[in-house]
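Written below as structure tokens is the structure these notes are about.
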Amino acid sequence: MLALHTPEGTLADVASTRLTQAIITGELIQGQKLNEADLAERYGIGRGPLREALRQLEGMRLVKRIPHAGARVVTLDRDMMADLYAVREALEGMACRTAALRMTDAEIDTLRLLLEKHAEQIEATDGQIYVQSEGDFDFHYQIALGSRNQMLIDLLAGELYQLLRMCRYRTSRLSARIRPALQQHRHIVDALTARDGELAEILMRRHISGAWKSISQMMDEEHDSKTITYSRSKTASSR
């Protein structure tokens, strides 16, 4: 029997999509307390669909509910990011190795065409932004599906997907990484085309390891900047 979508269910899905995008892009900042009344007014969402949307976001790990303190946007601290990228490197490397054997020629051709669309988007921003849209337009998502391994798909294209997108968004505007990342994607597709699973896995692992190094460096610079600002502020206030 087919499941029927109730109007509230549909509204909750729409609300979930809107809030997910707001969290990923930083419109709703990390650690921010989510007040239902404020969110309902801000996004024009009914309280019922909003509560269901927040439950969905908890399942995606984008929202954390703290007893007696309410719901907050997840905070991606260094330890959490390091753990997530270590898991991502292992899982996506495995997915890439498997996809080299299981993707059809047509699917690999489609993946190559997708990268040409990405190249056009990058050039349209003069190499400043490489944001991949969700799902079919997401290179990493497509490789996860191409693995034909349901466990990997459930994790990389399901349970962890939006959290990974939130992490990846941080590197999407690092100009020094934009074009190299696209070139790395192309090399991965070349390995898939050659049906070289070992090389495909190595290239994907290097790609993700490089992304983590960029994020780690960026987090260090942000920390140093905040420390300097705080120190100057404290010095000025003591005068």
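Sorting SER147, SER209, SER133 by accessible area puts them as SER133, SER209, SER147; the probe is 1.4 Å, largest comes first, and only protein heavy atoms count.
By the helix-only formula, in which each DSSP H run with n ≥ 4 contributes -39500 (n - 2.57) and the sum is divided by residues, the chain has a 222 nm mean residue ellipticity of -23500 deg cm²/dmol. Heavy-atom accessible surface of ARG72, to the nearest 10 Å², is about 80 Å², with a 1.4 Å probe and all protein chains retained.
Could you tell me which label, among [x] 54; [y] 60; [z] 66, carries the value of percent of Cα pairs over 22 Å apart calculated for this structure? Label [y] holds the value from this structure. Across the accessible surface of the chain, with the other protein chains kept in place and a 1.4 Å probe, carbon and sulfur atoms take up 54 percent. Distance from the Cα centre of region 174-218 to that of region 35-63, in angstrom? Their Cα centres are 35 Å away from one another.
Remark on LEU34: its backbone amide H falls under 5 Å from those of ALA71, ARG72, VAL73, a criterion applied only to residues 5 or more positions apart or on other chains, H modelled at 1.01 Å from N. Considering only alpha-carbon pairs that sit under 8 angstrom and 6 or more positions apart, the relative contact order computed for the chain is 23 percent. Placing +1 on each Lys and Arg Cβ and -1 on each Asp and Glu Cβ, with no other charges, gives the chain a dipole about its Cα centre of roughly 880 debye.
Taking 0.36 nm per residue of separation and subtracting the Cα-Cα distance, what length does fully extending THR75 through ASP190 add? Please report the intermediate quantities before stating the final value.
Working: separation 115, 0.36 × 115 = 41.40 nm, distance 3.63 nm.
Full extension from THR75 to ASP190 adds 37.8 nm.
For region 75-191, what does the alpha-carbon gyration tensor say about shape, rounded, prolate or oblate, given a ≥ b ≥ c as the root eigenvalues, a/c under 1.5 as rounded, and a/b over b/c as prolate? Because a/c hits 1.5 or more and a/b fails to exceed b/c, region 75-191 counts as oblate. With the whole protein complex present, GLU159 retains an accessible surface near 80 Å², based on a 1.4 Å probe. Listed by number, the DSSP H helices of the chain that run 20 Å or longer by alpha-carbon position along their axis and have mean Kyte hydropathy of at least -0.5 are 7-24, 78-102, 105-124, 175-193.
The values are calculated or read from the model by the stated rules, or taken from the named source; none is laboratory data. As the structure is a computational prediction, the values presented were derived from the model and not from experiment. All Cβ positions, even for glycine, are placed from backbone atoms using ideal geometry, and neighbour counts span all protein chains on display. Accessible surface areas use protein heavy atoms only, side chains included; no ligands, DNA or RNA. Shrake-Rupley method; radii C 1.70, N 1.55, O 1.52, S 1.80 Å.
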